[in-house]
């Protein structure tokens with residue numbers, strides 16, 4: 001049975017842990033607010049850029065720009081984006097599990113770019129080759145960092161080292177919800193049907209200069225913007241997941257402190273009762289010996 005000193009030591013230990021989890025929750029909440037602002041600002045630009053590129057690309061054909069080229073070999077490069085740290089629930093595990101399934105299904109014609117220490121550490125012990133490792137991006141993300149990664153991916157694709165580039169990441173939905181998304185970055189996705197029967201003809205645009213030159217200038221920027229948006233989604237998702245996990249840990253610590261306090265009070269009451277019984281028993285023994 002645990003002694004009073006052992007119970008007090010456990011209570012102090014849990015209280016110290018609770019202070020840490022509460023502080024981490026507050027830090028994550030502060031970072032989340034800024035990350036939410038950045039992703040809300042970046043989404044409209046990235047979506048409009050994607051809409052423009054997907055409208056121009058099919059109308060000009062795949063031979064218009066090398067970034068639109070579709071190849072038959074099927075060699076795929078997966079960019080797996082995780083956090084650098086843990087203590088954020090299933091944020092990292094969900095992405096790694098999804099990426100592992102895709103890599104196993106791709107056979108030997110796959111390669112990997114690990115963004116985040118958790119992805120790097122996991123896939124280092126696996127048979128798939130890691131072409132590039134990046135860490136420290138999500139904590140202090142800048143557009144220059146996203147542009148550097150995007151240009152590296154474009155060089156790999158244009159050099160015909162791979163035929164497709166896919167990104168596996170957590171899309172930020174809310175503080176408590178992050179959805180794992182697998183998105184093809186290169187070649188550019190073709191849009192669906194422009195309209196169904198009865199909606200009338202599609203809108204035709206006039207471009208100045210010509211559409212081909214505009215597309216050539218927009219495609220690299222589009223890829224850079226998509227990578228930046230994806231990294232922002234992951235950063236916001238990480239902070240939201242950590243905030244949720246630390247809030248749950250703080251509540252669990254409070255419940256444990258309450259249970260330990262009850263256990264301590266019961267043990268202290270038993271000890272006091274035992275001491276009182278010893279005193280009463282000693283007094284009765286003295287009285288009996290005095291009467292004898």
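Would you mind finding the one in 271, 242, 287 that is exposed (fewer than 13 other Cβ atoms within 10 Å of the Cβ), in contact with a helix residue (DSSP H, G or I) (Cβ under 8 Å, 6 or more places away or on another chain) and part of a helix (DSSP H, G or I)?
Details: 242 fails: exposed (fewer than 13 other Cβ atoms within 10 Å of the Cβ); 287 fails: in contact with a helix residue (DSSP H, G or I) (Cβ under 8 Å, 6 or more places away or on another chain).
Step by step, each of 271, 242, 287 is checked, and only 271 is exposed (fewer than 13 other Cβ atoms within 10 Å of the Cβ), in contact with a helix residue (DSSP H, G or I) (Cβ under 8 Å, 6 or more places away or on another chain) and part of a helix (DSSP H, G or I).
Filter the range 77-104 for residues that are in contact with a helix residue (DSSP H, G or I) (Cβ under 8 Å, 6 or more places away or on another chain) and farther than 30 Å from residue 26 by Cβ and give the result.
Let us first name the residues in the range 77-104 that are in contact with a helix residue (DSSP H, G or I) (Cβ under 8 Å, 6 or more places away or on another chain), namely 77-92, 95-96, 99.
Of everything in the range 77-104, those that are in contact with a helix residue (DSSP H, G or I) (Cβ under 8 Å, 6 or more places away or on another chain) and farther than 30 Å from residue 26 by Cβ turn out to be 77, 78, 79, 99.
Quick test of your reading of the structure: residue 191 fulfils all but one of (1) exposed (fewer than 15 other Cβ atoms within 10 Å of the Cβ); (2) in contact with a helix residue (DSSP H, G or I) (Cβ under 6 Å, 6 or more places away or on another chain); (3) under 25 Å from residue 40 (Cβ atoms); (4) at pLDDT 85 or above. Name the failing condition by number.
If we test residue 191 against (1) exposed (fewer than 15 other Cβ atoms within 10 Å of the Cβ); (2) in contact with a helix residue (DSSP H, G or I) (Cβ under 6 Å, 6 or more places away or on another chain); (3) under 25 Å from residue 40 (Cβ atoms); (4) at pLDDT 85 or above, just (4) comes out false.
Here are some conditions: (1) in contact (Cβ under 8 Å) with a residue 60 or more places away in the chain; (2) assigned to a helix (DSSP H, G or I); (3) closer than 14 Å to residue 79 by Cα; (4) in contact with a strand residue (DSSP E or B) (Cβ under 8 Å, 6 or more places away or on another chain). Residue 137 meets all but one. Which one does it not meet?
It is condition (2) that residue 137 fails.
Out of (1) in a helix (DSSP H, G or I); (2) surrounded by fewer than 16 Cβ atoms within 10 Å (Cβ to Cβ); (3) touching a strand residue (DSSP E or B) at 6+ places or on another chain (Cβ under 9 Å); (4) touching a residue at least 60 places away in the same chain (Cβ under 8 Å), what's the single condition that is false for residue 95?
Exception for residue 95: condition (2).
The values are calculated or read from the model by the stated rules, or taken from the named source; none is laboratory data. These numbers come from a predicted model, not from an experiment. Here the Cβ is made from the backbone with ideal geometry for all residues, glycine too, and neighbour counts use every protein chain on show.
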